[in-house]
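A short worksheet on the structure shown next.
The values are calculated or read from the model by the stated rules, or taken from the named source; none is laboratory data. Just so we're clear, the structure is a prediction, and the values are computed from it rather than from any experiment. Neighbour counts run over all protein chains shown; Cβ positions are idealised from the backbone, glycine included.
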């Protein structure tokens, strides 16, 4: 299956990353949901708590994955077809309401839904995240380039102690991935050239678009992103975690500490 | 003299801050040049170094104040008359070139000018700044609401170890003070109401506009902002540091630690 469907209106562009080492990296920009933080376990726990409280049976892990994939689809389509920018939390809310419809005989209150939506602001960093970010921050500027809005990113950074220099991404561009603006306006905000900026993500599609704008790219493998078991050795599972390298990325790293080491962290 | 000239097209608005204590403060937004950091001594030093190197005589302190006031005038006029948004560093550069014209028989290179302009990104925090920001950050979100652009604010935060949660201000609004957007879009970025946000500044004009949008206001006295001696007891001097309370602000504080204490920091 191609990384990007042929019919999708936004193509990755024809730019190329510089060759590794040719251009010093002045900033690392991070995909956040899945790359910096684990969304699977925190969302699963929040759904499990609700199910216990409301006494309905569900596969909370599968629901967490469905909810995340619904959001990714919604924002991807919004970007691709030029739909007006609206808050990510509204998108999460709509998708969640649709997902839970009919699941619980007792129904759900606004408070139930709000509480679940806010779980996106209480995700957990991966074990290497904080140390890796601090190491990378000694080398260059670090910032999220996430679909999360300004307020989401502030709340998550405070919860997870993410030491960002600045918050970039969807709110700077008023666009979601893979709209060109989310990449280009985030780079422009730092007064840097795309080649001086490295996009870090656990998702190869994100990197394909970043590379198309001439950014450097770092693919970080997050085996547990969807709670596992992962897709390995040809076996399919509920997981879509990407563990095989499909593109020609500037860096491929096992985690952020590995990435920092490859980038010269001592 | 009125705080705002009668002929200036942008009026402060007719909103009112809530009464002290009526609305919990969710975020503190800071004027930066003069309020968070001392610009006078770092700019004076940079000008002194250049004068020594190029062997021309000047009053570096007076030049620093003139350069700062030229920037404040340029951005105020740009906001008031709806001029297109352009980088702050370009404004600094133009004003500096005009200010130095004819000062030095040897002339100036682009490198000389760039180096001076970049001194704005190497300002020093006031002695209470870092401790005060950390105390306020335990109470609420903290962010600059400065005329400094995204890249300026990142560089300054890294230089001065300013622990911002997020960078707001001119780049979010693509407007300079006192354009309504710089206040309103910064507040909106946090999904808060103006009454939940406190503008912190050593400049009463800034607070007049913030109050007009319904924000809470904290006037912090920075006696040394313009290098002193300050305007006191009716005596005029080169300084425009504001040491007397002219408006009806939510808080009046001697420094950030005092402000934090007044806001409930223990």
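Here are the numbers for the structure shown:
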item	result
Sole exception among (1) surrounded by fewer than 17 Cβ atoms within 10 Å (Cβ to Cβ); (2) within 20 Å of residue A:174 (Cβ to Cβ) for residue A:118, by number	(2)
Test for residue A:124: is it within 13 Å of chain B (Cβ to nearest Cβ), in contact with a strand residue (DSSP E or B) (Cβ under 8 Å, 6 or more places away or on another chain), at negative phi and at pLDDT 95 or above	no
Subset of the range B:29-60 (residues that are under 18 Å from the mean Cα position of the chain (by Cα) and in a helix (DSSP H, G or I))	B:40, B:41, B:42, B:43, B:44
Lone unmet requirement of (1) within 14 Å of chain A (Cβ to nearest Cβ); (2) assigned to a loop (DSSP other than H, G, I, E, B) for residue B:106	(1)
Of all residues making up the range B:167-187, the number that are out of contact with any strand residue (DSSP E or B) (no Cβ under 8 Å at 6 or more places or on another chain) and either modelled with pLDDT under 95 or within 9 Å of another protein chain (Cβ to nearest Cβ) (or both)	2
Residue under evaluation residue A:159, criteria (1) within 24 Å of residue A:93 (Cβ to Cβ); (2) surrounded by fewer than 18 Cβ atoms within 10 Å (Cβ to Cβ); (3) within 15 Å of the chain's Cα centre (by Cα), criterion not met	(3)
Matching residues, the range A:188-206, being within 9 Å of chain B (Cβ to nearest Cβ) and either crowded, with 20+ Cβ neighbours inside 10 Å or at pLDDT below 95 (or both)	A:189, A:190
Some residue of the range B:91-100 being within 14 Å of another protein chain (Cβ to nearest Cβ) and either under 25 Å from residue A:138 (Cβ atoms) or surrounded by fewer than 21 Cβ atoms within 10 Å (Cβ to Cβ) (or both)	yes
Evaluation of residue B:265 against (1) modelled with pLDDT of 95 or more; (2) within 26 Å of residue B:134 (Cα to Cα); (3) in contact with a helix residue (DSSP H, G or I) (Cβ under 6 Å, 6 or more places away or on another chain); (4) not in a strand (DSSP E or B) (one fails), failing number	(1)
One residue from B:88, B:123, B:100 being touching a helix residue (DSSP H, G or I) at 6+ places or on another chain (Cβ under 9 Å), without any contact (Cβ under 8 Å) to a residue 60 or more places away in the chain and either under 26 Å from residue B:228 (Cβ atoms) or assigned by TED's automatic domain parsing to the domain that holds residue B:46 (or both)	B:100
Leading residue by the ranking (nearest to residue B:127 (Cα to Cα)) among those in the range B:188-198 that are touching a strand residue (DSSP E or B) at 6+ places or on another chain (Cβ under 9 Å) and in a helix (DSSP H, G or I)	B:196
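Here's the yes/no breakdown for (1) in contact (Cβ under 8 Å) with a residue 12 or more places away in the chain; (2) assigned to a helix (DSSP H, G or I); (3) within 11 Å of another protein chain (Cβ to nearest Cβ); (4) farther than 12 Å from residue B:31 by Cα:
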site	(1), (2), (3), (4)
B:130	yes, yes, no, yes
B:133	yes, yes, no, yes
B:139	yes, no, no, yes
B:143	yes, no, yes, no
B:148	yes, no, no, no
B:154	yes, yes, yes, yes
B:158	no, yes, yes, yes
B:162	yes, no, yes, yes
B:165	yes, no, yes, yes
